[in-house]
Structure formats: C-alpha cells, structure tokens
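The values are calculated or read from the model by the stated rules, or taken from the named source; none is laboratory data. Being a predicted model, the structure only gives us computed values, none of them experimental. No Cβ is skipped: glycine too gets one built from the backbone with ideal geometry, and neighbour counts run over all protein chains shown. Note: areas computed on protein heavy atoms with side chains; ligands, DNA, RNA excluded. Shrake-Rupley method; radii C 1.70, N 1.55, O 1.52, S 1.80 Å.
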Amino acid sequence: MVRLGQEGGGPTIPAVFGGDSFYLGHLGRVPVYARLDILFLALLVYMWAPGDPTAFLVLLIVMLLSILLHELGHAAVANARGMSGVSIVLTGLGGYCSYQGLPDPARKLMISVAGPLGNFALA
C-alpha cells in the first residue's frame with residue numbers, strides 16, 4: 001500500500017483520496033496520483049476534437065501538463081514553507097495539492113498564489 005508523507009507515516013492513499021486513485025510517480029519529493037475520473041477529462045477533450053486523434057492527444061497532453069504545473073506550483077511552495085505530506089492528485093475536472101498541517105494565513109496565501117503563478121509562467 002502506498003503511503004503519504006514520511007516512510008511508513010501518514011494515512012494510506014485510499015483513506016485520503018478514495019480507492020479509485022493510482023500512483024503515477026514522483027516529481028522531486030512530491031508523489032503524484034490520478035483518480036479514475038480523469039477519464040472524464042479525456043472525454044471532454046475528445047468532445048473538443050472529435051475524429052482527429054492527433055489533435056486529441058496534443059490537447060490532452062497540454063491540458064494535463066498545465067494542470068500538473070499548476071498543482072506543482074502549490075506543492076513546491078508548500079514544501080518550501082515546511083508543510084509535510086505534500087502530494088498532487090489529478091482528477092477529471094483538474095487536480096488538487098494536499099498537505100498535512102494547518103498553515104498560518106501568510107503561508108496559506110503564498111501556497112494558494114503559487115498555482116496560478118505557475119500557469120502565468122507557462123503562458
């Protein structure tokens with residue numbers, strides 16, 4: 001069973017994200033997971049580019065990388081500000097970054113702003 005946070009510590013993935021999440025790998029120290037409802041995102045992308053497999057794949061990859069970069073912005077600042085158990089989950093309607101602990105308002109603001117700044121840098 002894959003665990004969040006430090007080796008052997010923290011809640012298991014099904015306890016936090018439900019049993020429909022699967023592990024994709026790590027980006028630095030941040031584990032990345034995907035929920036099965038990510039197939040909904042693929043369906044939405046297919047509706048934008050029906051019948052053109054190349055456009056579908058390019059658009060899907062661009063959307064997934066954009067979502068991942070956004071969440072990685074949150075995760076990088078959360079790690080830098082001392083939050084533990086930082087992880088990223090990609091879902092059918094985007095994604096989210098989770099961490100353990102309760103940051104003070106200044107840290108929370110920095111973590112929140114980091115995601116859109118990542119997208120701004122990409123743009």
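Residues Val45, Val86: which one is touching a residue at least 40 places away in the same chain (Cβ under 8 Å) and open to solvent by less than 40 Å² (accessible area, probe 1.4 Å)?
Just one listed residue meets the conditions, Val86.
Before we move on, is Leu60 open to solvent by 80 Å² or more (accessible area, probe 1.4 Å), in a helix (DSSP H, G or I) and hydrophobic (A, V, I, L, M, F, W, C)?
Spelling it out, it is not the case that Leu60 is open to solvent by 80 Å² or more (accessible area, probe 1.4 Å), in a helix (DSSP H, G or I) and hydrophobic (A, V, I, L, M, F, W, C).
Consider Leu68 carefully, then state whether it is within 11 Å of the chain's Cα centre (by Cα), under 25 Å from Ala123 (Cα atoms) and open to solvent by 40 Å² or more (accessible area, probe 1.4 Å).
Criteria not met by Leu68.
Checking Leu102 against (1) loosely packed, with under 14 Cβ neighbours inside 10 Å; (2) in a helix (DSSP H, G or I); (3) of a type outside the set (D, E, K, R), which test does it fail?
(2) is the only condition that Leu102 fails.
Every residue in the stretch 55-83 that is under 15 Å from Leu102 (Cα atoms) and in contact with a Pro (Cβ under 9 Å, 6 or more places away or on another chain), please.
Matches in the stretch 55-83: Ala78, Arg81, Gly82, Met83.
Take the residues in the stretch 1-26 that are open to solvent by 70 Å² or more (accessible area, probe 1.4 Å) and touching a helix residue (DSSP H, G or I) at 6+ places or on another chain (Cβ under 8 Å); name whichever of them is modelled with the lowest pLDDT.
Met1
Going by what's in this entry, would Tyr96 be described as closer than 21 Å to Ala121 by Cβ, in contact (Cβ under 8 Å) with a residue 12 or more places away in the chain, aromatic (Phe, Trp, Tyr) and not in a helix (DSSP H, G or I)?
Spelling it out, Tyr96 is indeed closer than 21 Å to Ala121 by Cβ, in contact (Cβ under 8 Å) with a residue 12 or more places away in the chain, aromatic (Phe, Trp, Tyr) and not in a helix (DSSP H, G or I).
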